[in-house]
Amino acid sequence: MVQLLPFDRVAGWIPRILGVSALAVVAISPSLATAQTKTEKTFGGWTVTCTETEKTAKSCSMIQSLATVDKKTNRKRIVMRWALSNNKSHEQTQAVVVPTGVSIREGVRFFLGEAEPIVIAYSFCGPRVCIGSSALDAKFLAAIKASKKASASYVLGSKQLVQVPLDLTGFSEAYEYFVQQLA
């Protein structure tokens, strides 16, 4: 059932609504004055996204998200996100994001080809995700480019091993584009 209100009660709301709207426009207007440019390009399993504003230098990231489908709920669930990016000092870094509930001591292990695994330690765990990060050094980059197959693994707090196959399709092209965008 719809309840109708007398016009004079509703009319009293109009100045308040307009006042709040005006405050919202004033609060938002500085951000509207700053134009942001965003470009995004996909290479195989990788997406390169760059943003730039009039006030900030270009920032780019190269991301691969890996998901599984929960058989019970039929919902997609991210099991790992791997990102390469540039920091404020223009150094290249990498970050790995996994769900919470991991064994923090173990870190995330990258298996690239037949080489020994490379471990990235966790630097932060919050209520929804754990993040490991490190500098992207030439050795790690060369190992990725030379690998035909790759995977990553992490250990849950329950001691269950989670293995994630990595898609290196398009990595070299994506990385070349990523570097060109930052030049």
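Each value in this text was obtained by applying a stated rule to the coordinates, not by laboratory testing. From a predicted model like this one, the values you see are computed outputs, not experimental measurements. Cβ placement follows ideal geometry from the backbone for every residue including glycine, while neighbour counts extend to all protein chains displayed.
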Under 16 Å from the Cα of residue 55 - lysines, other chains or at least 8 residues apart: 38, 88
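Rounded if a/c is under 1.5, else prolate if a/b is larger than b/c, else oblate: which is the stretch 36-182, with a ≥ b ≥ c the root eigenvalues of its Cα gyration tensor?
Note, shape of the stretch 36-182 comes out prolate.
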Once the Cβ-Cβ distance between residue 148 and residue 128 is put in as r, and R0 is 35 Å, what FRET efficiency do you end up with, to the nearest 0.05? 0.55
Looking at the stretch 111-183, which GluC sites (Glu not before Pro) are DSSP coil and have at most 12 other C-beta atoms within 10 Å of their C-beta? 114
Segment residue 137-residue 88, extension gain: residue separation times 0.36 nm, minus the distance between their alpha carbons: 16.0 nm
What aspartates and glutamates sit close enough to residue 148 to cross-link, taking a C-alpha to C-alpha distance under 20 Å and skipping anything fewer than 8 places away on the same chain? 114, 116, 137, 167, 173, 176
For the stretch 36-182, with only Lys/Arg (+1) and Asp/Glu (-1) charged at the beta-carbon, what is the dipole magnitude about the Cα centre, in debye rounded to 20? 620 debye
Residue span residue 158 to residue 57: 0.36 nm per residue of separation minus Cα-Cα distance leaves a gain in nm of 32.1 nm
Simple SL model, points at 7 angstrom along Cα→Cβ for residue 72 and residue 104; separation in nm is 2.7 nm
Looking at the stretch 88-136, which trypsin sites (Lys or Arg not before Pro) are in a loop (DSSP not H, G, I, E or B) and have at most 12 other Cβ atoms within 10 Å? 88, 105, 128
